[in-house]
1. Taking Cα atoms, how many degrees apart are the long axis of helix 448-461 and the longest axis of the chain, rounded to 10 and kept between 0 and 90?
2. How much accessible surface does VAL220 have with a 1.4 Å probe, in Å² rounded to 10?
3. Which whole-number percentage describes the relative contact order of the stretch 98-160, with Cα contacts under 8 Å and a sequence gap of 6 or more?
4. How large is ³J(HN,Hα) for each residue in the stretch 472-482, as worked out from phi by the Karplus curve 6.51 cos²θ - 1.76 cosθ + 1.60 (θ = phi - 60°), to whole Hz, x for Gly and Pro?
5. Relative to a virtual label point 7 Å from the Cα of ARG12 in the Cα→beta-carbon direction, which members of the stretch 355-396 show backbone nitrogen distances below 17 Å?
6. Label the stretch 13-77 by shape, choosing from rounded, prolate and oblate, from the square roots a ≥ b ≥ c of the eigenvalues of the Cα gyration tensor; if a/c is under 1.5 it is rounded, and otherwise prolate applies when a/b is larger than b/c, oblate when it is not.
7. Sticking with the crude label model, points 7 Å out along Cα→Cβ, report the distance from VAL497 to ILE225 in nm, one decimal please.
8. Before anything else, pin down the relative contact order of the chain: Cα pairs under 8 Å, at least 6 apart, normalised by residue count, whole percent.
Amino acid sequence: MTTTPAPSTEPRTYGNWRRPTSPGIGSLGLLATLILLGGTVAAVITSMIFWPLALMVVLITIITLVPLAIHDHHGRNGFQVLLPRLASAHAARAGTDLYRSGPLSRVLHGHCRLPGIAAGIEALDALDAWGRPFAVLSHPHLGQVTTVIAAASDGAALVDASEVDNRVAHWGAWLADLGHEPGLLAASVTIESAPDTGTRLRREVERNLDQRSPRLAQDVLASIIDTYPRGSAAMACYITLTWSTSPRLSSGKRRSIAEMAIHIGQRLPGFTRTLGATGAGAARPMTTNQLASCCRISYDPASDCAVEVTTPAPCGIEWTDAGPVAAQESWDHYRHDSGVSASWFMAKAPAGHVFSNTLAQLLAPHPDIVRKRVTLVYRPHDPASAAKTVERDRLDARFAASGKKFGRARDAISKTAADKSAEEEAQGAGLVRFGLIATATVLATSDLELAGVAMENMGNASRITLRPAYGCQASAFAATLPLGLVLPSHLRVPQVVREML
(Lines give C-alpha, C1' and ligand atoms only; values in the text may rest on other atoms or scores of the structure.)
Protein backbone atom coordinates (compact mmCIF):
# COMPACT_ATOMS: atom_id res chain seq x y z
CA MET A 1 0.00 0.00 0.00
CA THR A 2 1.39 3.38 -1.04
CA THR A 3 0.32 6.77 0.18
CA THR A 4 0.86 10.18 -1.31
CA PRO A 5 1.69 13.15 0.89
CA ALA A 6 -1.03 15.76 1.29
CA PRO A 7 -0.39 19.06 -0.46
CA SER A 8 0.98 21.84 1.66
CA THR A 9 -1.66 24.15 3.09
CA GLU A 10 0.73 27.01 3.76
CA PRO A 11 0.04 30.03 1.53
CA ARG A 12 2.68 30.77 -1.06
CA THR A 13 4.66 33.99 -0.67
CA TYR A 14 6.30 36.19 -3.29
CA GLY A 15 8.98 38.84 -3.22
CA ASN A 16 12.75 39.33 -3.66
CA TRP A 17 12.39 42.68 -5.41
CA ARG A 18 14.84 45.42 -4.65
CA ARG A 19 15.45 49.01 -5.65
CA PRO A 20 18.57 49.48 -7.81
CA THR A 21 21.37 51.22 -5.96
CA SER A 22 24.21 53.41 -7.12
CA PRO A 23 27.73 52.77 -5.75
CA GLY A 24 29.30 55.63 -3.89
CA ILE A 25 30.94 56.86 -0.71
CA GLY A 26 28.60 56.70 2.27
CA SER A 27 25.13 57.94 1.36
CA LEU A 28 26.39 59.55 -1.85
CA GLY A 29 25.57 58.06 -5.19
CA LEU A 30 27.94 57.61 -8.09
CA LEU A 31 27.32 61.11 -9.47
CA ALA A 32 27.86 62.77 -6.07
CA THR A 33 30.99 60.69 -5.50
CA LEU A 34 32.42 61.77 -8.86
CA ILE A 35 31.64 65.40 -8.03
CA LEU A 36 33.34 65.02 -4.64
CA LEU A 37 36.47 63.44 -6.10
CA GLY A 38 36.59 65.88 -9.00
CA GLY A 39 36.10 68.88 -6.70
CA THR A 40 38.82 67.62 -4.37
CA VAL A 41 41.33 67.16 -7.17
CA ALA A 42 40.44 70.56 -8.67
CA ALA A 43 40.80 72.27 -5.27
CA VAL A 44 44.22 70.72 -4.68
CA ILE A 45 45.50 71.78 -8.11
CA THR A 46 44.11 75.33 -7.91
CA SER A 47 45.49 75.80 -4.38
CA MET A 48 48.98 75.48 -5.82
CA ILE A 49 48.25 78.32 -8.25
CA PHE A 50 45.81 80.71 -6.56
CA TRP A 51 44.32 79.78 -3.17
CA PRO A 52 41.20 82.08 -3.36
CA LEU A 53 40.16 80.17 -6.48
CA ALA A 54 40.62 76.92 -4.56
CA LEU A 55 38.24 78.19 -1.88
CA MET A 56 35.72 79.02 -4.59
CA VAL A 57 36.01 75.48 -5.99
CA VAL A 58 35.47 74.01 -2.53
CA LEU A 59 32.44 76.23 -1.96
CA ILE A 60 30.87 75.25 -5.29
CA THR A 61 31.51 71.56 -4.57
CA ILE A 62 29.86 71.79 -1.14
CA ILE A 63 26.82 73.65 -2.52
CA THR A 64 26.38 70.95 -5.16
CA LEU A 65 26.93 68.01 -2.80
CA VAL A 66 24.68 69.04 0.08
CA PRO A 67 21.38 68.66 -1.87
CA LEU A 68 22.61 65.34 -3.29
CA ALA A 69 23.56 64.01 0.15
CA ILE A 70 20.33 64.93 1.95
CA HIS A 71 17.38 62.57 1.38
CA ASP A 72 13.82 62.69 2.69
CA HIS A 73 11.91 59.69 4.04
CA HIS A 74 10.85 58.79 0.47
CA GLY A 75 14.47 58.57 -0.69
CA ARG A 76 14.48 61.75 -2.80
CA ASN A 77 17.45 64.10 -2.69
CA GLY A 78 17.31 67.88 -2.35
CA PHE A 79 17.26 68.57 -6.08
CA GLN A 80 14.35 66.16 -6.62
CA VAL A 81 12.39 68.02 -3.93
CA LEU A 82 13.24 71.54 -5.07
CA LEU A 83 12.91 71.25 -8.86
CA PRO A 84 9.19 70.25 -8.89
CA ARG A 85 8.37 73.33 -6.80
CA LEU A 86 10.23 75.58 -9.21
CA ALA A 87 8.56 73.91 -12.21
CA SER A 88 5.10 74.28 -10.63
CA ALA A 89 5.69 77.97 -9.90
CA HIS A 90 6.92 78.55 -13.47
CA ALA A 91 3.85 76.77 -14.89
CA ALA A 92 1.55 79.00 -12.81
CA ARG A 93 3.31 82.15 -14.05
CA ALA A 94 3.32 81.00 -17.70
CA GLY A 95 -0.29 79.79 -17.59
CA THR A 96 0.56 76.26 -18.74
CA ASP A 97 -1.32 74.83 -15.78
CA LEU A 98 -4.61 75.83 -17.47
CA TYR A 99 -6.26 73.99 -20.35
CA ARG A 100 -9.30 75.06 -22.35
CA SER A 101 -10.76 73.31 -25.39
CA GLY A 102 -14.00 73.22 -27.33
CA PRO A 103 -15.55 75.60 -29.89
CA LEU A 104 -14.50 78.77 -28.05
CA SER A 105 -10.88 77.73 -27.50
CA ARG A 106 -7.70 77.89 -29.54
CA VAL A 107 -7.73 74.14 -30.16
CA LEU A 108 -7.83 73.37 -33.87
CA HIS A 109 -11.37 72.83 -35.22
CA GLY A 110 -12.80 73.31 -31.71
CA HIS A 111 -12.14 69.74 -30.60
CA CYS A 112 -11.64 68.55 -27.02
CA ARG A 113 -8.28 66.87 -27.35
CA LEU A 114 -6.34 65.23 -24.55
CA PRO A 115 -4.23 67.73 -22.56
CA GLY A 116 -0.66 67.71 -21.30
CA ILE A 117 1.74 64.94 -22.20
CA ALA A 118 -1.06 63.06 -24.00
CA ALA A 119 -1.86 65.93 -26.38
CA GLY A 120 0.25 64.61 -29.24
CA ILE A 121 -1.21 61.09 -29.30
CA GLU A 122 -2.84 60.08 -32.58
CA ALA A 123 -5.08 57.04 -33.07
CA LEU A 124 -5.45 54.60 -35.95
CA ASP A 125 -7.78 51.59 -36.29
CA ALA A 126 -6.37 48.36 -37.70
CA LEU A 127 -7.14 44.63 -37.87
CA ASP A 128 -5.10 41.92 -36.17
CA ALA A 129 -4.33 38.45 -37.52
CA TRP A 130 -7.69 37.17 -36.26
CA GLY A 131 -9.61 39.95 -38.00
CA ARG A 132 -10.41 41.84 -34.80
CA PRO A 133 -10.30 45.65 -34.89
CA PHE A 134 -7.85 47.31 -32.53
CA ALA A 135 -6.50 50.80 -31.93
CA VAL A 136 -2.90 51.83 -32.49
CA LEU A 137 -1.95 54.93 -30.49
CA SER A 138 1.00 56.80 -31.94
CA HIS A 139 3.37 59.00 -29.92
CA PRO A 140 5.11 60.66 -32.89
CA HIS A 141 7.35 62.94 -30.83
CA LEU A 142 8.78 59.94 -28.98
CA GLY A 143 8.75 57.31 -31.70
CA GLN A 144 6.45 54.98 -29.77
CA VAL A 145 3.17 53.18 -30.48
CA THR A 146 0.71 51.61 -28.06
CA THR A 147 -2.12 49.13 -28.18
CA VAL A 148 -4.60 48.38 -25.38
CA ILE A 149 -6.21 45.09 -24.38
CA ALA A 150 -9.39 44.96 -22.29
CA ALA A 151 -9.61 42.02 -19.87
CA ALA A 152 -12.65 40.64 -18.07
CA SER A 153 -11.17 39.08 -14.96
CA ASP A 154 -13.46 37.31 -12.50
CA GLY A 155 -11.13 37.90 -9.57
CA ALA A 156 -9.90 35.35 -7.03
CA ALA A 157 -13.22 34.76 -5.26
CA LEU A 158 -14.04 31.04 -4.81
CA VAL A 159 -10.78 30.10 -6.54
CA ASP A 160 -8.60 27.36 -5.06
CA ALA A 161 -5.17 28.28 -3.76
CA SER A 162 -3.52 25.97 -6.29
CA GLU A 163 -5.32 27.74 -9.14
CA VAL A 164 -4.20 31.12 -7.77
CA ASP A 165 -0.60 29.86 -7.72
CA ASN A 166 -0.93 28.73 -11.34
CA ARG A 167 -2.30 32.11 -12.38
CA VAL A 168 0.51 33.96 -10.63
CA ALA A 169 3.07 31.64 -12.25
CA HIS A 170 1.58 32.26 -15.71
CA TRP A 171 1.55 36.02 -15.06
CA GLY A 172 5.22 35.90 -14.10
CA ALA A 173 6.00 33.94 -17.25
CA TRP A 174 3.98 36.45 -19.31
CA LEU A 175 6.02 39.33 -17.88
CA ALA A 176 9.27 37.43 -18.45
CA ASP A 177 8.35 36.87 -22.10
CA LEU A 178 8.00 40.62 -22.59
CA GLY A 179 11.78 40.88 -22.42
CA HIS A 180 12.02 38.71 -25.53
CA GLU A 181 9.50 40.79 -27.50
CA PRO A 182 11.46 42.84 -30.07
CA GLY A 183 11.02 46.57 -29.67
CA LEU A 184 8.76 46.39 -26.60
CA LEU A 185 9.46 49.25 -24.21
CA ALA A 186 6.85 48.98 -21.47
CA ALA A 187 3.61 47.40 -20.37
CA SER A 188 1.06 48.48 -17.81
CA VAL A 189 -2.03 47.11 -16.11
CA THR A 190 -4.80 49.51 -15.08
CA ILE A 191 -7.54 48.46 -12.66
CA GLU A 192 -10.41 50.94 -12.55
CA SER A 193 -13.32 50.87 -10.12
CA ALA A 194 -16.41 53.08 -10.33
CA PRO A 195 -20.07 52.98 -9.30
CA ASP A 196 -22.15 50.77 -11.56
CA THR A 197 -24.73 52.90 -13.39
CA GLY A 198 -26.77 49.88 -14.42
CA THR A 199 -26.79 50.93 -18.08
CA ARG A 200 -25.06 47.77 -19.30
CA LEU A 201 -27.37 45.53 -17.26
CA ARG A 202 -30.44 47.32 -18.59
CA ARG A 203 -29.17 47.11 -22.17
CA GLU A 204 -28.40 43.39 -21.85
CA VAL A 205 -31.81 42.56 -20.33
CA GLU A 206 -33.78 44.62 -22.83
CA ARG A 207 -31.91 43.07 -25.75
CA ASN A 208 -32.71 39.51 -24.61
CA LEU A 209 -36.21 40.10 -23.21
CA ASP A 210 -39.01 38.17 -24.89
CA GLN A 211 -42.17 40.24 -24.94
CA ARG A 212 -44.25 37.01 -25.00
CA SER A 213 -42.84 35.92 -21.64
CA PRO A 214 -45.08 35.88 -18.54
CA ARG A 215 -45.82 39.21 -16.95
CA LEU A 216 -44.40 38.05 -13.62
CA ALA A 217 -41.01 37.28 -15.20
CA GLN A 218 -40.90 40.71 -16.84
CA ASP A 219 -41.72 42.40 -13.52
CA VAL A 220 -38.95 40.47 -11.78
CA LEU A 221 -36.42 41.52 -14.44
CA ALA A 222 -37.58 45.14 -14.18
CA SER A 223 -37.08 45.00 -10.41
CA ILE A 224 -33.60 43.54 -10.89
CA ILE A 225 -32.66 46.35 -13.28
CA ASP A 226 -33.75 48.97 -10.74
CA THR A 227 -32.27 47.45 -7.57
CA TYR A 228 -29.15 45.44 -8.50
CA PRO A 229 -26.86 48.35 -9.51
CA ARG A 230 -27.44 50.20 -6.23
CA GLY A 231 -24.31 50.12 -4.12
CA SER A 232 -22.41 47.94 -6.58
CA ALA A 233 -19.19 48.79 -8.38
CA ALA A 234 -18.02 48.25 -11.92
CA MET A 235 -14.45 46.97 -12.32
CA ALA A 236 -12.47 47.31 -15.53
CA CYS A 237 -9.01 46.05 -16.43
CA TYR A 238 -6.83 47.42 -19.23
CA ILE A 239 -3.45 46.10 -20.34
CA THR A 240 -1.31 48.39 -22.49
CA LEU A 241 1.73 47.45 -24.54
CA THR A 242 4.13 50.07 -25.90
CA TRP A 243 6.63 49.47 -28.69
CA SER A 244 9.40 51.60 -30.15
CA THR A 245 9.22 52.44 -33.85
CA SER A 246 13.00 52.27 -34.14
CA PRO A 247 14.19 49.18 -36.01
CA ARG A 248 16.65 46.69 -34.63
CA LEU A 249 19.47 48.15 -36.72
CA SER A 250 20.41 51.64 -35.58
CA SER A 251 21.15 52.68 -39.17
CA GLY A 252 17.60 52.05 -40.35
CA LYS A 253 14.71 54.51 -40.45
CA ARG A 254 11.85 54.54 -38.02
CA ARG A 255 8.90 52.40 -39.01
CA SER A 256 5.67 54.19 -39.88
CA ILE A 257 2.48 53.74 -37.88
CA ALA A 258 1.06 51.58 -40.69
CA GLU A 259 4.06 49.25 -40.53
CA MET A 260 3.79 49.08 -36.74
CA ALA A 261 0.07 48.30 -37.04
CA ILE A 262 0.92 45.29 -39.21
CA HIS A 263 3.63 44.17 -36.79
CA ILE A 264 1.40 44.54 -33.72
CA GLY A 265 -1.54 42.90 -35.48
CA GLN A 266 0.52 39.77 -36.02
CA ARG A 267 1.68 39.68 -32.39
CA LEU A 268 -1.58 40.65 -30.70
CA PRO A 269 -3.40 37.26 -30.88
CA GLY A 270 -0.53 35.63 -29.02
CA PHE A 271 -0.73 38.18 -26.22
CA THR A 272 -4.49 37.84 -25.80
CA ARG A 273 -4.32 34.03 -25.91
CA THR A 274 -1.65 33.72 -23.23
CA LEU A 275 -3.41 36.24 -20.97
CA GLY A 276 -6.25 33.76 -20.45
CA ALA A 277 -4.06 31.53 -18.26
CA THR A 278 -3.16 34.46 -15.98
CA GLY A 279 -6.75 34.89 -14.76
CA ALA A 280 -7.42 37.87 -17.01
CA GLY A 281 -10.45 36.13 -18.50
CA ALA A 282 -11.59 37.01 -21.98
CA ALA A 283 -9.05 39.48 -23.39
CA ARG A 284 -9.88 41.53 -26.46
CA PRO A 285 -8.11 44.50 -28.06
CA MET A 286 -9.82 47.87 -27.68
CA THR A 287 -10.86 50.11 -30.58
CA THR A 288 -10.33 53.85 -30.87
CA ASN A 289 -13.93 54.65 -29.92
CA GLN A 290 -13.71 52.50 -26.80
CA LEU A 291 -10.47 54.16 -25.70
CA ALA A 292 -11.93 57.60 -26.39
CA SER A 293 -14.99 56.75 -24.27
CA CYS A 294 -12.75 55.54 -21.43
CA CYS A 295 -10.72 58.77 -21.45
CA ARG A 296 -13.82 60.95 -21.75
CA ILE A 297 -15.44 59.36 -18.69
CA SER A 298 -12.20 59.67 -16.71
CA TYR A 299 -11.99 63.41 -17.39
CA ASP A 300 -15.74 63.97 -17.03
CA PRO A 301 -17.19 61.45 -14.51
CA ALA A 302 -20.65 63.01 -14.73
CA SER A 303 -20.89 61.90 -18.38
CA ASP A 304 -20.67 58.23 -17.45
CA CYS A 305 -24.32 57.40 -18.14
CA ALA A 306 -24.48 59.45 -21.34
CA VAL A 307 -21.32 57.92 -22.79
CA GLU A 308 -22.41 54.36 -21.95
CA VAL A 309 -25.68 54.95 -23.81
CA THR A 310 -24.02 56.39 -26.93
CA THR A 311 -21.00 54.06 -27.06
CA PRO A 312 -22.71 51.16 -28.94
CA ALA A 313 -23.60 53.55 -31.76
CA PRO A 314 -21.51 53.25 -34.93
CA CYS A 315 -19.91 56.67 -34.39
CA GLY A 316 -19.25 56.58 -30.64
CA ILE A 317 -16.81 59.09 -29.13
CA GLU A 318 -14.21 60.38 -31.57
CA TRP A 319 -10.56 60.41 -30.51
CA THR A 320 -10.33 64.16 -31.06
CA ASP A 321 -13.07 64.66 -28.44
CA ALA A 322 -11.72 62.31 -25.76
CA GLY A 323 -10.32 65.09 -23.56
CA PRO A 324 -11.87 67.58 -21.16
CA VAL A 325 -13.35 70.96 -21.98
CA ALA A 326 -11.43 72.59 -19.13
CA ALA A 327 -8.70 71.47 -16.75
CA GLN A 328 -6.50 73.14 -14.16
CA GLU A 329 -3.52 71.67 -12.36
CA SER A 330 -2.71 72.60 -8.77
CA TRP A 331 0.12 71.58 -6.48
CA ASP A 332 -1.74 68.67 -4.87
CA HIS A 333 -4.81 68.04 -7.07
CA TYR A 334 -6.11 68.26 -10.62
CA ARG A 335 -9.51 69.72 -11.58
CA HIS A 336 -11.01 68.48 -14.85
CA ASP A 337 -14.57 69.09 -16.06
CA SER A 338 -16.92 67.60 -13.45
CA GLY A 339 -14.23 65.84 -11.40
CA VAL A 340 -11.34 66.60 -9.07
CA SER A 341 -8.52 64.10 -8.81
CA ALA A 342 -5.41 63.45 -6.74
CA SER A 343 -2.65 61.04 -7.70
CA TRP A 344 0.02 59.12 -5.79
CA PHE A 345 3.23 57.32 -6.71
CA MET A 346 4.56 54.22 -5.02
CA ALA A 347 7.51 55.38 -2.92
CA LYS A 348 8.33 51.96 -1.47
CA ALA A 349 7.26 48.48 -2.47
CA PRO A 350 6.05 46.06 0.23
CA ALA A 351 8.97 45.00 2.38
CA GLY A 352 9.74 41.32 2.64
CA HIS A 353 7.47 38.64 1.24
CA VAL A 354 3.86 39.19 0.25
CA PHE A 355 0.86 37.05 -0.61
CA SER A 356 -1.13 36.90 -3.85
CA ASN A 357 -3.89 39.12 -2.38
CA THR A 358 -1.61 41.92 -1.15
CA LEU A 359 -3.08 44.48 -3.55
CA ALA A 360 -6.69 43.47 -2.91
CA GLN A 361 -7.31 46.32 -0.46
CA LEU A 362 -5.79 48.95 -2.75
CA LEU A 363 -7.75 47.76 -5.78
CA ALA A 364 -11.10 47.41 -4.03
CA PRO A 365 -13.77 50.12 -4.47
CA HIS A 366 -14.25 52.64 -1.69
CA PRO A 367 -17.41 54.62 -0.84
CA ASP A 368 -15.45 57.89 -0.43
CA ILE A 369 -13.98 57.66 -3.94
CA VAL A 370 -16.14 58.06 -7.04
CA ARG A 371 -13.61 56.64 -9.49
CA LYS A 372 -10.26 55.05 -8.75
CA ARG A 373 -7.52 53.82 -11.03
CA VAL A 374 -4.45 51.86 -9.98
CA THR A 375 -1.85 51.38 -12.71
CA LEU A 376 1.08 49.00 -12.44
CA VAL A 377 3.85 49.97 -14.86
CA TYR A 378 6.38 47.41 -16.09
CA ARG A 379 9.55 48.05 -18.11
CA PRO A 380 11.17 44.72 -18.98
CA HIS A 381 14.87 44.24 -19.57
CA ASP A 382 15.97 42.27 -22.60
CA PRO A 383 18.04 39.17 -21.77
CA ALA A 384 21.37 40.88 -22.51
CA SER A 385 20.76 43.96 -20.37
CA ALA A 386 19.15 41.83 -17.63
CA ALA A 387 22.36 39.87 -17.13
CA LYS A 388 24.43 43.07 -16.95
CA THR A 389 21.97 44.73 -14.57
CA VAL A 390 21.83 41.89 -12.02
CA GLU A 391 25.60 41.53 -12.02
CA ARG A 392 26.06 45.28 -11.53
CA ASP A 393 23.52 45.28 -8.68
CA ARG A 394 25.31 42.32 -7.16
CA LEU A 395 28.64 44.16 -7.20
CA ASP A 396 27.03 47.35 -5.84
CA ALA A 397 25.41 45.43 -2.98
CA ARG A 398 28.71 43.76 -2.10
CA PHE A 399 30.50 47.11 -2.19
CA ALA A 400 27.90 48.67 0.13
CA ALA A 401 28.11 45.74 2.55
CA SER A 402 31.92 45.66 2.65
CA GLY A 403 32.45 49.42 2.71
CA LYS A 404 31.39 49.82 6.35
CA LYS A 405 33.38 48.77 9.36
CA PHE A 406 30.26 47.63 11.18
CA GLY A 407 27.91 46.11 8.67
CA ARG A 408 24.17 46.72 8.94
CA ALA A 409 21.58 43.96 8.72
CA ARG A 410 19.88 45.86 5.88
CA ASP A 411 23.07 45.72 3.80
CA ALA A 412 23.41 42.00 4.40
CA ILE A 413 19.81 41.40 3.35
CA SER A 414 20.32 43.54 0.24
CA LYS A 415 23.39 41.53 -0.68
CA THR A 416 21.47 38.27 -0.25
CA ALA A 417 18.61 39.56 -2.42
CA ALA A 418 21.04 40.68 -5.13
CA ASP A 419 22.72 37.27 -5.14
CA LYS A 420 19.33 35.58 -5.36
CA SER A 421 18.27 37.79 -8.29
CA ALA A 422 21.48 37.00 -10.16
CA GLU A 423 20.97 33.28 -9.54
CA GLU A 424 17.35 33.38 -10.77
CA GLU A 425 18.33 35.38 -13.87
CA ALA A 426 21.02 32.85 -14.69
CA GLN A 427 18.36 30.13 -14.50
CA GLY A 428 16.21 31.89 -17.13
CA ALA A 429 14.02 34.26 -15.10
CA GLY A 430 13.19 37.70 -16.48
CA LEU A 431 14.08 41.06 -14.97
CA VAL A 432 11.40 43.75 -14.92
CA ARG A 433 11.36 47.26 -13.48
CA PHE A 434 7.96 48.07 -12.00
CA GLY A 435 6.14 50.96 -10.38
CA LEU A 436 2.65 51.93 -9.28
CA ILE A 437 0.53 55.03 -9.81
CA ALA A 438 -2.90 55.53 -8.21
CA THR A 439 -5.54 58.18 -8.91
CA ALA A 440 -8.67 58.95 -6.89
CA THR A 441 -11.43 61.07 -8.44
CA VAL A 442 -14.25 62.82 -6.57
CA LEU A 443 -16.91 65.30 -7.64
CA ALA A 444 -16.04 68.14 -5.22
CA THR A 445 -12.83 69.59 -3.84
CA SER A 446 -14.18 69.23 -0.30
CA ASP A 447 -14.18 65.43 -0.74
CA LEU A 448 -10.46 65.25 -1.57
CA GLU A 449 -9.41 65.02 2.06
CA LEU A 450 -11.59 61.96 2.66
CA ALA A 451 -10.33 60.39 -0.55
CA GLY A 452 -6.73 61.04 0.50
CA VAL A 453 -7.25 59.39 3.87
CA ALA A 454 -8.91 56.41 2.19
CA MET A 455 -6.03 55.99 -0.27
CA GLU A 456 -3.43 56.15 2.50
CA ASN A 457 -5.33 53.56 4.55
CA MET A 458 -5.67 51.23 1.56
CA GLY A 459 -1.99 51.69 0.73
CA ASN A 460 -1.00 50.83 4.30
CA ALA A 461 -3.25 47.77 4.22
CA SER A 462 -1.39 46.65 1.08
CA ARG A 463 1.98 47.47 2.72
CA ILE A 464 2.72 50.08 0.05
CA THR A 465 4.09 53.53 0.84
CA LEU A 466 2.28 56.08 -1.34
CA ARG A 467 3.71 59.52 -2.02
CA PRO A 468 1.49 62.33 -3.38
CA ALA A 469 2.44 63.42 -6.89
CA TYR A 470 3.12 67.00 -5.87
CA GLY A 471 3.66 69.36 -8.79
CA CYS A 472 2.87 66.76 -11.47
CA GLN A 473 -0.77 65.89 -10.88
CA ALA A 474 -1.80 66.30 -14.54
CA SER A 475 0.97 64.01 -15.80
CA ALA A 476 0.28 61.40 -13.11
CA PHE A 477 -3.44 61.49 -13.96
CA ALA A 478 -2.68 60.89 -17.65
CA ALA A 479 -0.20 58.12 -16.77
CA THR A 480 -2.94 56.10 -15.05
CA LEU A 481 -5.07 56.14 -18.21
CA PRO A 482 -4.65 53.25 -20.69
CA LEU A 483 -2.62 55.36 -23.10
CA GLY A 484 0.78 53.69 -22.84
CA LEU A 485 2.59 56.77 -21.55
CA VAL A 486 6.16 55.87 -20.54
CA LEU A 487 6.97 58.63 -18.05
CA PRO A 488 10.80 58.29 -18.18
CA SER A 489 10.61 59.15 -21.90
CA HIS A 490 9.05 62.52 -21.02
CA LEU A 491 11.75 63.54 -18.54
CA ARG A 492 14.49 65.97 -19.50
CA VAL A 493 17.10 64.37 -17.25
CA PRO A 494 18.74 61.47 -19.12
CA GLN A 495 18.26 57.95 -17.83
CA VAL A 496 22.00 57.53 -17.28
CA VAL A 497 22.12 60.54 -14.94
CA ARG A 498 19.04 59.38 -12.98
CA GLU A 499 20.63 55.97 -12.42
CA MET A 500 23.79 57.64 -11.05
CA LEU A 501 21.81 59.55 -8.38
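1. That works out to roughly 70 degrees.
2. Answer for VAL220: close to 70 Å² accessible.
3. 18 percent
4. Computed from phi, the couplings for the stretch 472-482 are 9, 5, 5, 5, 5, 4, 5, 5, 7, 6, x Hz.
5. Inside the label zone: 355-359.
6. Since a/c reaches 1.5 and a/b is larger than b/c, the shape of the stretch 13-77 is classed as prolate.
7. So the two model labels end up 6.0 nm from each other.
8. RCO, the chain: 23 percent.
The values are calculated or read from the model by the stated rules, or taken from the named source; none is laboratory data. Keep in mind that this is a model prediction, so the values were computed, not measured. Glycine also receives a Cβ, built like all others from the backbone with ideal geometry; neighbour counts cover every protein chain displayed. What goes into the accessible areas is simple: the full protein's heavy atoms, side chains included, and nothing from ligands, DNA or RNA. Shrake-Rupley method; radii C 1.70, N 1.55, O 1.52, S 1.80 Å.
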